[in-house]
Amino acid sequence: MSVSLRGRSAIVTGAAVGIGNAYARALAREGCNVAVIDIRPDIADLPKELEKNGIKSFAVQGDVSQPQVVRKFVDQVAAQFGGVDILINNAGQCWVSLVDDDLDKVEKDWEGMVGTNLRGEYLMGRAVIPLMLKAGRGGEIVNIGTDHGVTCGSPNEICTHVESTCPWHETPRPTGGGTVLDIYDASKYGTYALTFAWAKALRPSNIRVNCICMGATDSHMIRGFFGERATPEEVATWMTAENSAQVVVDILKEGPKGRTGETINLCIGRKTVLEPERKPIYVTPESVGYNARETVDA
């Protein structure tokens, strides 16, 4: 059964451009009041557009990796909207990190990507969760991760919907984003841990927590990462931010009895739609080719 989102109060982080912008617009069209935050100054222009849908909106230019910024923003949302029902933890950064980079660059890379992608999601979640619990009306948290950790190669048996357009449709895609994304992947893999722990702890309070594992989507981030290296053929395979936003809306419309604690895979070669809830699959010795009768010396 699909539930209405009209009148709900939502936060979308990283909403100035790209995927987060599409999320904010989709929620406004559904009748949600939407508060947005981004480090980019053009975030100030978004509320005027969102309010054309007859909803309330406001924006803050701020860094979600900073506790004082997060606390002030969430308090402002609660004061203006009367609480927080939905958190879309989308803010993220990504750039190349090489294994032989000097330590000064490595430190900046870590603070930039882990600070935004993981610390920011953690701070926003931990600021919002007490408000949801106090209100006692449930809630929704959607963390934005990466498909690098939950692709058709991890584990292979969970990916049963790959189309022939997928570059890896004949063989499983290797897990991981490659040799230049160690910090990015580390930051995004951490979102799975937050998702699973929060989902388990908050389920009794009707607060659902899920993770969208985003693959290549045409956005400000991916175009900034690839620059002119992306060929027209590659760009043509990228998913759209609008389709991703519809998946998020469909998750939210499942309501309190819907899925929770799920990593939802959106990657090249799959239709960008919300697939049926996937029952938990546990790694067994057989699934990783380990002979349980063998012993290994400690």
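The values are calculated or read from the model by the stated rules, or taken from the named source; none is laboratory data. What you see is a predicted model; the values in this text were computed from it and never measured. Note that each Cβ is placed from the backbone with ideal geometry, even for glycine, and that neighbours are counted across all protein chains shown.
In segment 68-85, the qualifying residues are those that are in a helix (DSSP H, G or I) and in contact with a Lys or Arg (Cβ under 9 Å, 6 or more places away or on another chain), and the one that is farthest from Val209 (Cα to Cα) is Gln80. Among the numbered conditions (1) in a helix (DSSP H, G or I); (2) in contact (Cβ under 8 Å) with a residue 24 or more places away in the chain, the only one that Pro130 does not meet is (2). Here segment 249-262 is the region considered, the condition is being touching a helix residue (DSSP H, G or I) at 6+ places or on another chain (Cβ under 6 Å) and either crowded, with 20+ Cβ neighbours inside 10 Å or within 18 Å of Arg6 (Cα to Cα) (or both), and the residue that is modelled with the lowest pLDDT is Thr260. Of all residues in segment 2-49, those satisfying the criterion of being farther than 15 Å from Glu242 by Cβ, of a type in the set (A, V, I, L, M, F, W, C) and not in a loop (DSSP other than H, G, I, E, B) are Ala10, Ile11, Val34, Ala35, Val36, Ile37, Ile43, Ala44, Leu46. Across segment 76-104, the qualifying residues are those that are polar (S, T, N, Q) and at pLDDT below 95, and the one among them that is farthest from Ala26 (Cα to Cα) is Ser97. Among the residues of segment 105-125, not a single one is polar (S, T, N, Q), at pLDDT below 95, part of a strand (DSSP E or B) and surrounded by 13 or more Cβ atoms within 10 Å (Cβ to Cβ).
Would you be able to tell me the number of residues in segment 126-137 that are surrounded by fewer than 22 Cβ atoms within 10 Å (Cβ to Cβ) and on the phi < 0 side of the Ramachandran plot?
Residues flagged as surrounded by fewer than 22 Cβ atoms within 10 Å (Cβ to Cβ) and on the phi < 0 side of the Ramachandran plot within segment 126-137 amount to 8.
Ile144 meets the stated requirement of being touching a Cys at 6+ places or on another chain (Cβ under 9 Å) and either outside any helix (DSSP H, G or I) or farther than 27 Å from Leu181 by Cβ (or both).
Could you grab me the full set of residues in segment 7-24 that are crowded, with 24+ Cβ neighbours inside 10 Å and either under 13 Å from Gly255 (Cα atoms) or out of contact with any helix residue (DSSP H, G or I) (no Cβ under 8 Å at 6 or more places or on another chain) (or both)? Of everything in segment 7-24, just one residue is crowded, with 24+ Cβ neighbours inside 10 Å and either under 13 Å from Gly255 (Cα atoms) or out of contact with any helix residue (DSSP H, G or I) (no Cβ under 8 Å at 6 or more places or on another chain) (or both), namely Gly20. Screening Ser4 with (1) within 28 Å of Lys257 (Cα to Cα); (2) of a type in the set (S, T, N, Q); (3) surrounded by 15 or more Cβ atoms within 10 Å (Cβ to Cβ) gives one miss only, at (3). Only one entry in Gln61, Gln68 is within 20 Å of Ala24 (Cα to Cα) and surrounded by fewer than 23 Cβ atoms within 10 Å (Cβ to Cβ), namely Gln61.
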